[in-house]
Structures are given as C-alpha cells and as structure tokens.
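Below: the structure, in structure tokens.
Read-outs: derived from the displayed coordinates by stated rules, not from any lab. The model shown is predicted, which means the values in this text are computed figures rather than measured ones. Glycine gets a Cβ as well: all are built from the backbone with ideal geometry, and neighbour counts include every protein chain shown.
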Amino acid sequence: MNRLPPLPALHASHAGIWLCEPGGEARAVSRGEAVSAAAETPVLVLNAPLTGQRLGYDALSGLDLLELWAFIHPARFLVPTPSGLARALDLTEPEREQDIPALLTAATGALLARLGEPDWREREGAWLSAQSLQRLRWPWAPIVGPLIARPDDKDRWLFSRLPEWEEGAPRPAPRAYTPDPDAIEARLEALTGSGAEPRPGQRAYAQSAAAAFAPRQARDRPNILLAEAGTGIGKTLGYLAPASLWAEQAGGTVWVSTYTKALQRQLDAETRRLRENPGSAGGKVVVRKGRENYLCLLNLEDALQGGFSGRAAILAQLVARWAAYTKDGDMVGGDLPGWLPTLFRRNGSTALTDRRGECVYAGCPHYRKCFIERSVRGAAQADIVIANHALVMINAARGRDDGGAPTRLILDEAHHIFDAADSTFAVALTGQETIELRRWVIGPEGGSRGRRRGLAARLADVASYDAEGAAAINQARDAASLLPADEWLKRVVHGEPFGPIEDLLCAVRAHVFARAEDGKAADADAGYGLEAELAEPDGALVEAAMNAAAALDSLLKPLNRLGKRLEAILADGPDWMDGPARARIEGAIGSMQWRTDLLSGWLALLARIGGPGDPDFVDWLAVDRFEGREYDMGLHRHWLDPTRPFAETVLKGAHGALLTSATLRGSVGEGWARAEARTGAAHVEGPVQRFEAASPFDYASQAEVLIVTDVKRGDIGALSGAYARLIEASNGGALGLFTAIRRLRAVHARIADRLARASLPLYAQHVDPIDTGTLVDIFRDDMRASLLGTDALRDGVDVPGHSLRLLIMEGVPWSKPTVLHAARKLASRAEDGGGNAYDDAIIRARLAQAFGRLIRRANDKGIFVILSAAMPSRLLSAFPPGVPIRRITLDDAVITVSERLGFATSLVHQEDESRMLNK
C-alpha cells in the first residue's frame, strides 16, 4: 500500500490557529501564515468551511477529512469534531487544541488504511466513484485512487446496486379490536425490559391510550384522547405498547406523527425495540416524510451526467456513494450526514430532491428503485408509520398519495398542531410561488439543463393520443407564459414588471411601503420584512388584482379540462396504456389537483381585494427581506383558526386519535379548554377524553429559575458579558436562546474567543456554517460545549443533562406584532372579554417548552436564567410547581450557577457517562 504523502495539518478555532508541518510539531501561527500555507499546498483540515470562516479565508478548500469520511463510510454517523473523529477511529482524543493537527494526520492514515482492508463494508462501487472524482479534480482523488484495488466486472455501482420495490396487494380493512389491559401491560414490559424501573405514570398512560383504538360509535365522531404526560413519564413506549398491539391484532396501520424531524429520528430509534421484540408481530415500522426530503434518482443521474459543475459535481458523487448504502434515501434528518451539504457552501443538496412536483412517476427509468415510491408502498403495508404533522394534514386534505389519510393517529408534540395547521392550510400568492408554477407547466427556460421538462413533455403520449388534451396543454402553456419568469424580482423592484402577475407584485410592494409603520420598518427585530393589512386598497392595487385574477383563471380552466381528459383516458384506457403509463397519468392527475387547488385559493384571495373580507381568514401583503435584501413579496391568507380545517380533514376522517404532549395545555394550571382549542378537538362532535400524568421529577431540588434584574435591555455589551460569565460559571453545557438573529450574532462575536481561551467551545446557529441538526449533535457530544440558537431549539431538542445544564434566555419571548398575531389577539379579546390572556398563554407555553429541555432524567440538575428584569410575575406559572424562582443580580446569578452546577464528580467520569449514553 502506498504511504500517506507528507502533508501539513491545520486547525483553527476561536482559541487560536495551529499548523503542523510534515514530521514536525504543531505550532501556533498567525492568520496570515495559516492562509499562506493553505494557499501554497494542500493541508489536512476538518470541516473546511468552518476552518476558513475562522481564518477569514472563504476560499479555503484543503483536504477535508469529513469529505474523506463521506467517501469511505457513506451513511455512517460521525460527530464532525476532532473528538468525534477520534472516537470513530479508535484513536486517542486530543487533550489540547494544539494536539488536533497531529490527530488529523493520524486519522487520515487510519481512514486510508481502511481502503485496503478486506472487510471494508462500503468497498462496492468505490473504485468507479474514485475515477469519476479524479476527473472532477477532487483533492483526495489522487491519494485515494491508487489505494483501491480495481474490481472485477461484477462490481455494482449505485443504480445497479439499489433494490427494486415490490407492489403489494391492498391491505384489508382493519378488524375491530380494543387492546386488552393485561396485553398492554405485557407489551409495555417487553418494550421497557424486565429489569426496568417501575413507572406507574407510564403504565397508566399506556392503559388510557387504548381508548384511541376502540371502535368508533358514529361517522365523523372519532375517539379522541387528549393526554398530557410530563417529561420523564416515558410516553413514547407508553403509546407504542397499545399501538403495536392494535396493529398486530387488527391488521391495520397506526400513524405516529410529530412536528420536528429530530423527534422523528428519535422515534425511529425507539421503535427498534418493537422490531427486536420476539413477542411482537407488529414490528414493521416505516418513516414517512414529504417528497422534498428524499433523494430523486433522476435528478441525481442528471447531476452525475453533467448537470452539476465544480464543487457541486463532487457533492453529487459523494451523495451517489451514500445513495448506494442508505437505509431509505432520506436526505433531511435521515442517514445522510447533515454536515455533508454544508461542506459545499451554497452548492447544497436541495437540487437533488423533488421540490417542484416534477416527478414523472412511471415515466422515470428509476421508478422501480425510487426511494419515495418504496417509502409510500412500505407505509401502506406497515404496522407503524412515523410521519410529521404537515404530511398527515396534506395527505388527508388531498385524499390521495402518499399512503392516503390515516384512520388511527397518534399526534405527538400535539402542542404544535396549531402551528403546523397554520402553515399547511395557508395560501401565499408570491413571486416565488408563481415562478415555481410557471416552471411546472412550461419546464426549463433559457437553455437550462435537467429533466424539468414541463407539462407537455411529461404527458407527450397523452397529447399524441387525445386532441382535446393536447389543446388543453397548449392553452395552459400559453397562460403560464404570463407568470413571473427569471429575474422577476429585479424587474419588480425597478418598476419594470412584465405581465399581469408582476404588475400585481409591483402594486403590492408599493402598497406595503406606503402603509408599513415607519417604526416597525426600521426595527431589525421585526424580522427584516415589511407587511401591511389588506384593508382599503388603492385603485392601482385593485386594478392589478383584477388583471392578475383574469390571467390565473385563464390557466386554471385548461388545467381543469386536462384533468377531466386524463380521468376519461384512465376510465377507457387505450391500447398503449400499460401499468407504468397508468401510474404516470395517475401521478399527473394528483399533481395537477394540487396546482388547481392552489390556483383556486389564489383567485379567492384576489377576489378579496376591493371586496368584503371573510371573517374566517386573515389577509395581508408582505415584502420579505433578509438582512435588508428583498427576496420575495406577495399576498398571504391564513385561517383565523387553522385547527378548523385540521379537524375537518384529519380528525373527522379518523376512527381514533391520541393527541399528546408534555405541555399540551401550554403550562401548569392552564385549563383543558385551551388544549381542545389548540388541537382542533373543540371542532369535533362527541366527547373528548382526557388524561394527565405529572412528571415524576423532583423539580424543586433539581432545577431553579433565576431572573437577572441588572442587565439593561438593548445593551449588547452587558448582554454579552452576562452570557460569557454564566457559561464560564457552568463550565459550558449551556443553551442560549435568542429572539433575534442580530443579537445572537453580536453576542457570539463578543464572547466566542473569550470562552475558547477557557477551553469552552461555543457554537451558534446563523453563524457557524453547520446545519442545525449537526450543531445539536456536537452540543450533545461535548459536555463543555455551549450552543446559541433561536426558536428552532426551544423544543424538540433532546440533550441529556450532563450536556445541557444551563439554559439562558435573553429576555421574555414576546410574539412579534404581525398582522396575523394582532387579528388573533383581537378575536381572543372579543371571546374572553379583553386583557392579555392570549399573549400570556403563548408566552407561558414557550417558557414551559424551553424549561422542558433542561431536566430530562431523574439525576439531572439545571438552572434556567432569564436576562430580563421586566419578566412579569403572572408568567411564572409556566414553570413546574415548587421550582425555586428568584429575582437576583447578575453577580449573584453567577455565584449560584457556579455553586449549583459545580462538578461533584470528575470530568473523566462524566465524559465516560456521556459516551455510554451516546452509544
């Protein structure tokens, strides 16, 4: 085997920069020397974008060990840190930052050595991939290529390696069956293990969950159970016990729905106990997500054949390596390393998924190997389907695809149903949405490469067979040509619109800038965007809306005619219509129904301009901006109460639904009426059952809430100092939550170097070029690390207490004063008789969700710090009863954190515990 050529290794952090020349010792260097060394010769680095950011050298490429790992071990998990790499390769973890360059050299040797090992599991296809990467000038290719033995002719690569899915017979309707209490008890014991600590709350929860699986008594009156189970109850196994029993005995499918991809991944891990349980026949589990999460093999083929260039082409090759070994083709939260696309900066992986509804279904040469189709068919035959709220709502609303509407539902994280329904059932007539519709109808323009060929190409055989259908396709193409095209934003901003829709967007922009409140427009914390209520529109906006409506109607009519023609062809199929052709037409009908529904929603929204408003909806206009730069604009419509369409489309069609969460009612002391209102249960006839199990944790001794009274609002220097001192006092393990990205970045810039000098790594959303899931993985893995983030980290993040022991909020998480929030608040006041009840309930729920991140196990200790003297006492009921709450100065808070979170055991012991938990 060839030896590793002498290569320098470079490591940069907030604490300093170290360079190790071949055969030498690591030494501290300046930014200039490091950049010069990286520019002159390839250097070994770990995460080139992150290293380049810390050097101030965006052009840094180097020999990135993460790329080498992705080539050698695709679909294998790796925490992308020096310690994570060392553990994965059974190397000694570095004790000091200056030891990391030597680790990179050792890790490179260990990885390259695996290329010659006979038991290298991912050998198949590697040689062919290395040859392609050599042609693309991948920096590792000249080193990797010679170390891989040329295979024989039987070596399979990607498309030949992937298995084909099989069509199964439709499952019969499930039998009527209610899980027996004794059987539930036995199943729960089998899932938890015979030696597990008894949990009375979990047993009671499992027994109550059986009510959701009893036969329903009347149509549109499902069995609904609202179940609030505090942290530590073990609700996941609690509901899986009766769910798996019902699936096994009734022969049906239970859909378990969550809000976050993180919990989907966690549930997938939990259900392994079902698959490993020899006493359970109900062990077939499938994870389902929207189509945009999965790798599209036809898009990948286009990318490999020249559709991508430069670094993006290298990414496509590494994704192809992953595709041959992935469990299910899930690129977002699946086994594709979340850090892999971020290594390629803006050349991400989104172009490799089906994001535009462009699928040609059976017309695709890879249809029988398609990850999406395999997932759909797997879900149809599964006992447990792990999905998300949005997919469940979309399937139920459309009454088709991807597995149909579920009839037995467990909605975990049910406190997010309102938010999920708010997004799912909303309508947005914007520039981005309309250009996507144009591309779906017309296909690529301007000589662009790829398979997005448009409606005519996808239905070419239909057009040649059916003259009326061909005429409808041509009319739709002509009408779509009036929709916004490339560079629409530039034309609208410069006041030179083309076509009636761009005219409308131009009028929307003028209306928003004229009506937006000056104070809110200037406030960066308002989200950078501008919005205005759709009220008393001027003549220009009304006229533009009428012309836009006429243009959209001219597109809707031929699409409706085409849909009817396709249905007629299916009913009386011609001779050429085989199974694949039928599947392609059925797919086209479903995709077209989505677009016609969208167009109908747009027309209803445009009819509102100049006419009476609809009390069920909130309408407004917006110009979306990020960091002051406009990127979209248009009209928006949301349901005033989005749980109404959710109840109509999802709950009423179900036979049973368990809606559960640790904070289902928002916070301690909130009534069940709020839970029913926020989950849609209030809109379903019939009784709603309730269950409550309090957390078994001793919060009074395990946690404390500190309200710091002397950090002045708006003083970034004081805020930064508070974060730094508190994190130092806790020795890391802190999660900092911000309500504004601008403040997050400002605080990070001021404290990262200071903490690094104390050997306390600091990571941040919207700063580090790392995806959020990977940031959480890094935070979980390193007990001395801290993480700064926004609302996305407020809940749905499960980090054990040794890694998350301090939670800091910069202030009270007030809601932004948007048009939609104001309308809902006004409606709530009309119902409740005024006051701040609506706002207060939302804030208490957010505080309760954030607090829930802190104590996850019986031996956790944690402190919740709020840096706001203006914290109202009426909101403190968000925290569990008995938790000590004190208003103190920052100095006293630092002392308390240091004393309470001081390490009672050695770091070595805690790190060993951390590794054991992660395993």
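Using θ = phi - 60° in the Karplus curve 6.51 cos²θ - 1.76 cosθ + 1.60, the 3J(HN,Hα) couplings for segment 580-596 round to x, 5, 4, 4, 5, 5, 4, x, 5, 5, x, 5, 5, 4, 4, 6, 5 Hz; x is entered for Gly and Pro. Charge dipole of the chain (Cα centre as origin; +1 on each Lys and Arg Cβ, -1 on each Asp and Glu Cβ, all else neutral): 660 debye, rounded to the nearest 20.
Here each label is just a point 7 Å from Cα along the line to Cβ, and for D461 and A514 those points are 5.4 nm apart. Excluding residues on the same chain fewer than 8 positions from K235, give the lysines whose Cα lies under 27 Å from its Cα. Straight-distance partners of K235: K261, K284, K289, K327, K652, K861, K919.
How would segment 427-639 be classified by its alpha-carbon gyration tensor: rounded, prolate or oblate, with rounded meaning a/c under 1.5 and the a/b versus b/c comparison settling the rest? Judged from the Cα gyration tensor, segment 427-639 comes out prolate (a/c at least 1.5, a/b above b/c). Within segment 82-215, all pairs of alpha-carbon atoms sorted by distance into 10 Å bins from zero give the percentages 9, 20, 16, 14, 20, 19, 2. Since only L552, A457, V623 are under comparison, the one whose Cα sits farthest along the positive direction of the charge dipole of segment 427-639, derived from C-beta charges on Lys, Arg, Asp and Glu, is A457.
Principal axis extents of the Cα atoms in segment 292-369, from largest to smallest and rounded to whole angstrom, are 34, 26, 22. Under 14 Å of direct C-alpha separation, and excluding same-chain neighbours fewer than eight residues apart, K557 reaches these aspartates and glutamates: E468, D478, D597. Each principal axis of the Cα atoms in the chain has its own extent, and those three values, largest first, are 77, 71, 65 angstrom. Counting 0.36 nm for each residue step from A426 to R175 and taking away their Cα separation leaves a gain of 86.7 nm. Give the calculated FRET efficiency between K816 and K564 to the nearest 0.05, with a Förster radius of 25 Å applied to their Cβ-Cβ distance. With a Förster radius of 25 Å, E is 0.05.
As a calculated quantity, the FRET efficiency between I888 and S481 at R0 = 56 Å, using C-beta atoms, amounts to about 0.30. Remark on R288: its backbone amide H falls under 5 Å from those of I386, A387, a criterion applied only to residues 5 or more positions apart or on other chains, H modelled at 1.01 Å from N. Take segment 9-155, compute every pairwise Cα distance, and split them into 5 Å bins from 0; I just need the percent in each bin. Binned Cα distances yield the sequence 2, 9, 19, 22, 19, 14, 9, 4, 2, 1, 0. Along segment 239-245 the Karplus relation, 6.51 cos²θ - 1.76 cosθ + 1.60 evaluated at θ = phi - 60°, assigns HN-Hα couplings of 8, 5, 4, x, 5, 5, 5 Hz to successive residues, with x for each Gly and Pro.
Put simply, the amide H of L411, placed in the peptide plane, has neighbours under 5 Å in S257, L658, L659, T660, leaving out anything fewer than 5 places away on its chain. Taking the square roots of five times each eigenvalue of the Cα gyration tensor of segment 699-918, the equivalent ellipsoid has semi-axes of 29, 19, 17 Å, listed largest first. Cβ crowding within 10 Å ranks S815, S194, S591, S661 as S194, S815, S591, S661, fewest other Cβ atoms first.
Phi angles across segment 124-135 convert, under the Karplus curve 6.51 cos²θ - 1.76 cosθ + 1.60 with θ = phi - 60°, into 3J(HN,Hα) values of 4, x, 5, 5, 5, 5, 4, 5, 5, 5, 5, 5 Hz, Gly and Pro given as x. Extension gain for L603 to E25 (0.36 nm times residue separation, less C-alpha to C-alpha distance): 201.2 nm. By the count of neighbouring beta-carbon atoms within 10 Å, fewest first, H11, H802, H683 end up ordered H683, H802, H11.
Multiplying the residue separation of E33 and A149 by 0.36 nm and subtracting their alpha-carbon distance yields 37.9 nm. Taking 7 Å steps out from each Cα toward its Cβ at A540 and A214 produces label points 6.3 nm apart. Orientation-averaged projection of segment 22-86 equals 5.2 nm² [convex hull of Cα atoms, one quarter of hull surface area]. As a rough guide to protection, the peptides 475-482, 715-722 ranked by mean Cβ packing within 10 Å, highest first, stand as 475-482, 715-722.
With R₀ fixed at 41 Å, the C-beta to C-beta distance from A186 to R355 puts the FRET efficiency at about 0.35. Working note: 222 nm ellipticity from helices only, DSSP H runs with n ≥ 4, each -39,500 (n - 2.57), summed and divided by the residues of the chain, gives -13500 deg cm²/dmol to the nearest 500. Working from label points 7 Å from Cα in the Cα-to-Cβ sense, the A204 to E692 distance is 1.1 nm.
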